[in-house]
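Everything on this sheet refers to the single structure shown next.
The values are calculated or read from the model by the stated rules, or taken from the named source; none is laboratory data. Note that the structure is predicted; figures quoted are calculated from it, not measured. For neighbour counting, all protein chains shown are included, and Cβ atoms are generated from backbone atoms with ideal geometry for every residue, glycine included. Quick note on the areas: whole protein, heavy atoms, side chains included, nothing else; ligands and nucleic acids left out. Shrake-Rupley method; radii C 1.70, N 1.55, O 1.52, S 1.80 Å.
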Amino acid sequence: MNKGLVTAIIVVVVIAIGAIVFMTQGSTGSPNNNATSTASTLTYDSPELGIAFSYPNTYKIELQHTDRGHVVVLMDKVAAANIPVGGEGPPSITVSEFDNSKNLPLADWIQETPQSNFQLSPDSALNATTLGGKPALAYRHSGLYESDAVAVEQGDKIFVFAAGWMDQNAQIRKDFQEILKTVQFSTPQDEPSH
């Protein structure tokens with residue numbers, strides 16, 4: 001089996017397990033990350049990451065700190081409350097931050113970096129789009145769930161917004177598209193010293 005494929009599969013499984021464990025242990029989000037409410041949406045605003053977006057209030061949001069960066073996980077509140085013990089977590093929306101200090105062009109980073117999961121793409125297609133006013137690339141990948149992903153450069157970071165789904169008509173795909181329309185980027189602020 002291709003070494004890159006094995007690495008990508010391991011990354012997907014580790015992220016899924018991490019999301020499940022994290023969701024069952026509660027939030028460890030930074031106090032600098034604020035969620036504010038309007039009628040049926042909330043706004044996630046992270047000065048530390050330099051991103052903000054609105055999301056449906058039917059989602060639970062958590063921030064994970066990993067050795068590779070930050071991951072914002074949005075999971076349906078009802079589904080998150082009903083994860084079977086020892087079972088897989090439900091499909092979720094993630095915003096993952098990755099280092100790009102090598103300044104790889106976005107397409108190269110996606111195609112060459114296992115964390116993008118592009119190696120698991122059923123069609124190997126990269127589609128030009130924009131996200132928060134910035135050039136971005138959209139693609140699909142498979143794993144535990146089918147996933148839609150959009151990657152964008154922000155300084156020396158790459159952000160990958162992804163939504164896992166089991167049914168092409170799943171509400172999570174529609175929610176993901178609505179979330180993408182609201183993404184805003186700003187200059188990241190350093191994390192305060194503890």
FRET efficiency for ARG68 and GLN189, Cβ-Cβ distance as r, R0 = 30 Å, nearest 0.05? 0.90
With a cut-off of at most 11 other beta carbons within 10 Å, and DSSP calling the residue loop, which trypsin sites (Lys or Arg not before Pro) in segment 75-140 qualify? Please list them. LYS102
Using a simple spin-label model with points 7 Å from Cα along the Cα→Cβ vector, what separation in nm is obtained for SER124 and SER40? 4.2 nm
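Can you work out the accessible area per residue across segment 79-177, with the rest of the protein chains kept in place, probe 1.4 Å, in square angstrom?
Values: 4650 Å² over 99 residues.
Solvent-accessible surface per residue comes out at 47 Å².
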Of all GluC sites (Glu not before Pro) in segment 88-194, the ones in DSSP coil with at most 14 other Cβ atoms within 10 Å are GLU88
Quote the accessible area belonging to ILE61 in square angstrom, nearest 10, computed with a 1.4 Å probe and with ligands, DNA and RNA left uncounted. 40 Å²
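Could you calculate the contour length gain from GLU48 to LYS102, that is, 0.36 nm times the residue separation minus the distance between their Cα atoms, to one decimal place in nm? Don't skip to the end; give the middle numbers.
Working: separation 54, 0.36 × 54 = 19.44 nm, distance 2.12 nm.
In short, 17.3 nm is gained.
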ILE83-LYS181 pseudo-label distance in nm [points 7 Å out on the Cα-to-Cβ vector]: 3.0 nm
Separation in nanometres of the label points that stand 7 Å from Cα toward Cβ, at ALA170 and SER142: 1.5 nm
